[in-house]
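K.L.:
Handing you this structure, nothing more for now.
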Amino acid sequence: MISVTSVTALEPKISKSLTSLEKKNLSPTSYVLTKAVGTKLFDGTEIIQDSTVLSDSYKLLKSAQVLSSEEEVPDSSPSDEQVHYWDWTLRQFADYLASNTSNTLLYSIETTAGSLTSVSNGVLGYSVVRDEITGDKFDVYGTRIENVANDGVFRKHSSQWRITILPDENQLVLQNYVEGNPTPISEELIGLSMTPSGPNVISFLGRARPFYGIVSEVRPVVILSLWPNPLPESEFL
């Protein structure tokens with residue numbers, strides 16, 4: 001499901017957000033590894049997370065989705081040593097990814113026009129060169145209100161979505177692909193609002209950090225939910 005190849009080397013690059021790094025006592029380049037590590041995505045974008053890290057995170061995402069009861073869902077509430085990531089900004093999520101090549105983000109994205117809803121989910125890493133949160137393209141599922149009323153089933157579309165997050169601009173790039181086509185058939189730039197998530201926004205992956213945006217007349221609302229994997233410890237602050 002994840003099309004990746006190894007990256008031979010990554011060169012250090014100063015992040016656009018030095019302030020957030022200084023708060024964690026990190027130098028602008030200290031979190032970047034220059035040895036052979038990382039992944040080259042299908043479009044040539046290089047991220048610092050390697051293919052094994054991405055695959056393991058994707059397996060976690062899929063295993064969480066098939067849990068059938070609340071009793072089977074693992075307790076993912078942070079301990080006293082763990083960070084309240086549900087209050088993070090997009091910049092903080094980017095810095096979390098940049099601080100360790102084993103860190104990933106699990107995400108779910110939903111767009112709705114009221115009667116039609118489409119959803120997708122996947123795994124994200126960090127591009128040093130572009131200072132972006134990004135990943136591969138993942139399958140899209142959709143339903144209409146009448147389908148939910150009848151059988152509640154989300155059916156797979158013939159398309160895939162790829163998301164890229166611009167952390168300092170608070171923007172989301174949503175690309176739509178037809179399976180087998182290497183170039184997107186459409187692309188939308190969406191401004192994201194950092195609405196406080198509150199303490200009760202919980203899903204199969206634990207407490208989420210949602211962001212909201214307006215897409216278009218066709219899909220006017222987008223909800224992007226993020227979960228750090230693994231849960232960040234307080235030493236990351």
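K.L.:
Could you run through region 91-115 and say how many residues are under 24 Å from K62 (Cβ atoms), open to solvent by 10 Å² or more (accessible area, probe 1.4 Å) and not in a strand (DSSP E or B)?
P.N.:
4
K.L.:
Mind listing whichever residues of region 120-149 are of a type in the set (A, V, I, L, M), surrounded by 18 or more Cβ atoms within 10 Å (Cβ to Cβ) and within 21 Å of P210 (Cβ to Cβ)?
P.N.:
Within region 120-149, V123, L124, I133, V140 qualify.
K.L.:
Can you tell me which of L90, L106 is more than 18 Å from V173 (Cβ to Cβ), of a type outside the set (K, R) and at pLDDT 95 or above?
P.N.:
Testing whether each residue is more than 18 Å from V173 (Cβ to Cβ), of a type outside the set (K, R) and at pLDDT 95 or above leaves just L106.
K.L.:
Let me ask you something else. Which one is most open to solvent (accessible area, probe 1.4 Å), of the residues in region 166-187 that are among the charged types (D, E, K, R) and without any contact (Cβ under 8 Å) to a residue 40 or more places away in the chain?
P.N.:
Among them, the one singled out is E187.
The values are calculated or read from the model by the stated rules, or taken from the named source; none is laboratory data. Remember, predicted model here, so these are calculated numbers, not experimental data. Reconstructed Cβ throughout: ideal geometry from the backbone, glycine too, with neighbour counts over all protein chains shown. Note: areas computed on protein heavy atoms with side chains; ligands, DNA, RNA excluded. Shrake-Rupley method; radii C 1.70, N 1.55, O 1.52, S 1.80 Å.
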